[in-house]
Each structure stands twice: as C-alpha cells, then as structure tokens.
Amino acid sequence: MRKEVLELEKFDLKLNTNLVGRNFIYCEEIDSTNTYLMNRKNNSNTDGTVVLAERQTAGRGRKDRVWYSAKEQNLNFSILLTSKKYFGKNLNLINLASSLAVSQAIENLYQLNTELKWPNDVLIKGKKVCGILLEASSLGSKIDKVVIGIGLNVNQTMFQGEFNLPPTSIKIEANEDIERERLLAEVLNNFEELLEKSISKPDEVLREWKSRCRMIGEKISITENDATKYGIFDDIDENGFLLLKSKDNTIEKIHLGDVSI
Ligand code: BTN
C-alpha cells in the first residue's frame, strides 16, 4: 500500500498556476481544512491559498455529514478565494467548475471516464471518487470569502462505514498506485483555468459540465431538509441551478439537494 507524505517539491514543479496554490499550507493533521480557512482567527486571507491535510480529525461533508479519509493516501484540501471578481453572481458556477476540474484531471491523467452528479460529486462507474464542500462567509450583505473543500479518494482501497453513494478511488479504478503530487497540481491547474472561464466564458464551463452529467433528462428525486421532490432533471440554468420539471410541466429551480435516480 502506498502511504507516503506529499513531496512538496514534486508538486511545485507541476503547478502552472498564477494564483491558486501559490500560498500552500501543508498540515500533517488538522480538524478540517475547510474549518481552518473559514475561521477568521487564522488570518489566512491570501487569495488562492490552498490548505492540505494528510489527516483530518473532523473532516466535514455536505449536510453535516462526516468525511472519512485514510491518512496520507488521498487528497483532502481546501482552496480559499477572496477576490470579489470570482463571486459576483456565479458562486454556483465555482461549485461546478471545481467538480469539473477534478473530473478533467482524472480523465487526462488516467484515461478514466468520470461522471458529474449535481451539484458537485465526481463519480466513476456510478461510485463516488470525490466530494466537494463549498462554503462562503459574508461581511454585512457581501460575500467576502469562499472556501472550496475537495476530498478526492486517491490510493485508499478499503472503505468502511455507511455511504449514500458507494465510494471508490482512482487506484481501485485505474489499478495502479497514483502519484498524488501530479494529480493535485493538475486539479489546481484546471481549477484556475476554469475559474477564469467562469467569468469570461461561463457558457463553456456549463456546457463542459453538462456533457459529463448523465442524469439530465432522467426521472429523479431530490431530497433537501427531509423533503423529497420528484420530476425530470430538465436542465441546469445559466447560474448553475437544477431545473426540475414536474408532471404538469412546471419548472422548479432547485438550489441545493441530494439527487437520486
Ligand atoms: C461531500 O461529498 O459531502 C463533501 C466532502 C468534502 C470533503 C472535503 S475534504 C477537504 C475539505 N475539508 C473538509 O472538512 N471537508 C472538505
């Protein structure tokens, strides 16, 4: 089993970004990389900062779920954005751009087909390889920072616990040990490019994202706060919201929720 700490020099050589990951905080152990960046007391306000932890003692998933990940085998990290230009009206696009960045990295490096599940899970053969938790904080009525937490299963091959989707890892699917440094750099390189595109060419980001989402056109159910809605997954609108078509052909805009077929 491959279990080594991340080699920062190796990672740095592959990183082609201007901003994302240039300020890099590496932690052996932390409660949660998202919690760290969301906490004002930590004074980490440099735009594009990336915090990566080899182990999280309180890793968090969406909807207050716990995110478990074996030590030193995966990539658990968070990206901080503080520049207002990124979150004018397209916070949802950042969400979609993040999952797309991971999906492109997996496809380019390992030739594995990935599928995107709204709002931001990355799947391989119907199993979850990556989960993303986007959080934002505001000062007054304005968003002042966004934290994108990415949990990517890389070299872990055994998963214990209860999952709403069966988990997998790149190693399981590619049948080889994966170099985490190269993969991390590729995700961040893609992310920076897609982030810029979400401002200059949002339609392209949406088109790319939708081309990897197989649920569009399917009958789905969406659960949010214990309420379940049924309908057809009609489309994603220009702001990244899911459009749910009901029996009487009315369209409802869904902002968040867990989608099942
Ligand atoms: C989900 O699928 O529910 C989202 C999982 C997000 C996990 C990542 S791991 C790095 C970052 N730190 C956290 O505590 N959570 C995110």
Test LYS117 against the criterion of being without any contact (Cβ under 8 Å) to a residue 24 or more places away in the chain and among the charged types (D, E, K, R), and give yes or no. no
Condition (residue is in contact with a strand residue (DSSP E or B) (Cβ under 7 Å, 6 or more places away or on another chain), within 16 Å of the ligand (Cβ to nearest atom) and touching a residue at least 12 places away in the same chain (Cβ under 8 Å)) applied to the range 8-16: is it met by at least one residue? no
Candidate set: the range 209-223, residues that are in contact with a strand residue (DSSP E or B) (Cβ under 7 Å, 6 or more places away or on another chain) and surrounded by fewer than 14 Cβ atoms within 10 Å (Cβ to Cβ); chosen: the one farthest from TYR86 (Cα to Cα): LYS219
Subset of the range 44-65 (residues that are open to solvent by 30 Å² or more (accessible area, probe 1.4 Å), touching a residue at least 60 places away in the same chain (Cβ under 8 Å) and more than 9 Å from the ligand (Cβ to nearest atom)): ASN45
For ASN155, indicate whether it is open to solvent by 10 Å² or more (accessible area, probe 1.4 Å), in a loop (DSSP other than H, G, I, E, B) and out of contact with any Phe, Trp or Tyr (no Cβ under 9 Å at 6 or more places or on another chain). no
VAL20 vs. criteria among the β-branched types (Val, Ile, Thr), within 13 Å of the ligand (Cβ to nearest atom) and closer than 16 Å to SER198 by Cα: no
Among the residues of the range 100-107, is there at least one that is out of contact with any Phe, Trp or Tyr (no Cβ under 8 Å at 6 or more places or on another chain), at negative phi and of a type in the set (Asp, Glu)? yes
Within the range 131-147, does at least one residue satisfy the condition of being of a type in the set (Gly, Ala, Ser), out of contact with any Lys or Arg (no Cβ under 9 Å at 6 or more places or on another chain) and within 16 Å of the ligand (Cβ to nearest atom)? no
Of the candidates ILE94, ILE30, the one satisfying the condition of being in contact (Cβ under 8 Å) with a residue 60 or more places away in the chain, within 16 Å of the ligand (Cβ to nearest atom) and either open to solvent by 70 Å² or more (accessible area, probe 1.4 Å) or not basic (Lys, Arg) (or both) is ILE94
As an exercise: evaluate GLU181 against (1) open to solvent by less than 10 Å² (accessible area, probe 1.4 Å); (2) touching a strand residue (DSSP E or B) at 6+ places or on another chain (Cβ under 6 Å) and give the number of the one condition it does not meet. (2)
Looking at the range 161-175, can you tell me whether even one residue there is more than 10 Å from the ligand (Cβ to nearest atom), of a type outside the set (Ser, Thr, Tyr) and open to solvent by less than 10 Å² (accessible area, probe 1.4 Å)? yes
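The values are calculated or read from the model by the stated rules, or taken from the named source; none is laboratory data. Because the structure is predicted, anything quoted here is derived from the model rather than measured. Glycine gets a Cβ as well: all are built from the backbone with ideal geometry, and neighbour counts include every protein chain shown. Note: areas computed on protein heavy atoms with side chains; ligands, DNA, RNA excluded. Shrake-Rupley method; radii C 1.70, N 1.55, O 1.52, S 1.80 Å.
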